[in-house]
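The values are calculated or read from the model by the stated rules, or taken from the named source; none is laboratory data. These numbers were taken from a predicted model, which means no experiment stands behind them. Because the Cβ atoms are built from the backbone with ideal geometry, glycine has one as well, and the counts that use them run over all protein chains shown. Each accessible area value is taken on the protein alone, full model and side chains, heavy atoms only, with ligands, DNA and RNA left out. Shrake-Rupley method; radii C 1.70, N 1.55, O 1.52, S 1.80 Å.
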Amino acid sequence: MKTAIMQPYFMPYIGYLSLIKHSDLFILFDPVQFIRHGWIERNRILKQNEGWLYIQVPLVKSGRDTLIKECLIDNSQDWKGKILSQLQIYKKQAPYYYKTVQLLKEIFEGEYDTITALNKASLEKICNYLGFPKELPVFSEMNLEIEEPNSPDEWALNICKKLDGKIHYINPIGGLEFFDTEKYTNQHIDISFQKMIPVHYDQKRTPFEYGLSIIDVMMFNSPEEINNMLDQFELVNE
């Protein structure tokens, strides 16, 4: 069973969606410390004339030791309206502007207290729009008792040890130097790293801005075209 375990990102880059598509089980991992200025509550879209800007979900202020699962959305702010307003820059140039905005409006119709709940709903609706419906379990809701990890690369290991069947754990390529793969193979768990082939599409301007939110990808590409991009990767073992 191909398994991936990732923190719940907000409208993430295309590689994250590729990992979801090509996993049998994708777990949203939320019991670790929330790191500010990461990808949990924000992502990037095109800026008006050049470069990029952030779209962001405001969070209720909390202490340094706050866990991702404890991060509450500050719904006193009209963050949904602000994000939709920021996307206006795509209106005149992006062929799938209306479809993408309609999808976001459907997502925003929900009421969310936590950033994890928002990101789970967003990802599941995006997957459905792209034609590969997925159920994305949240680790803190799975009631899965695991051993306490001795190092960061053992979170996934200890989760995989509790899952049924033959597990093939897949992680983004950035973890290649971070993971001690012997820990996994010693437990009869296969481990690979997904290396995306860089995708390039017509953003109606130059230079091309790489690594933006899946929102940007959806603005300029059909679901069929996006699926072709999601399939452009290789699995690296070591």
Unmet criterion (only one of (1) within 21 Å of E145 (Cα to Cα); (2) open to solvent by less than 10 Å² (accessible area, probe 1.4 Å); (3) not small (G, A, S)) for I5: (2)
Sole residue being in a helix (DSSP H, G or I) and closer than 23 Å to G38 by Cβ, chosen from L87, L53: L87
Residues (surrounded by 13 or more Cβ atoms within 10 Å (Cβ to Cβ) and either of a type in the set (G, A, S) or farther than 27 Å from F179 by Cβ (or both)) located in segment 129-157: Y129, L130, S140, A156
Condition broken by V138, with the remaining ones in (1) under 23 Å from Y54 (Cβ atoms); (2) of a type in the set (A, V, I, L, M, F, W, C); (3) touching a residue at least 24 places away in the same chain (Cβ under 8 Å) satisfied: (1)
Residue within segment 71-84 that is more than 23 Å from P223 (Cα to Cα), in contact (Cβ under 8 Å) with a residue 12 or more places away in the chain and under 17 Å from the mean Cα position of the chain (by Cα) present: yes
Selection count where residues are assigned to a loop (DSSP other than H, G, I, E, B) and open to solvent by less than 20 Å² (accessible area, probe 1.4 Å), scope segment 111-128: 0
Residue among N150, N158 that is in a helix (DSSP H, G or I) and not hydrophobic (A, V, I, L, M, F, W, C): N158
Members of segment 164-198 found to be assigned to a loop (DSSP other than H, G, I, E, B) and either among the hydroxyl-bearing types (S, T, Y) or open to solvent by 30 Å² or more (accessible area, probe 1.4 Å) (or both), listed by number: D164, G165, K166, L176, E177, F178, D180, N186, Q187, H188, I197, P198
Residue match in segment 101-109 (condition: in a loop (DSSP other than H, G, I, E, B) and farther than 30 Å from L163 by Cα): yes
Hits in segment 201-238 - residues which are open to solvent by 90 Å² or more (accessible area, probe 1.4 Å) and within 17 Å of the chain's Cα centre (by Cα): Y210
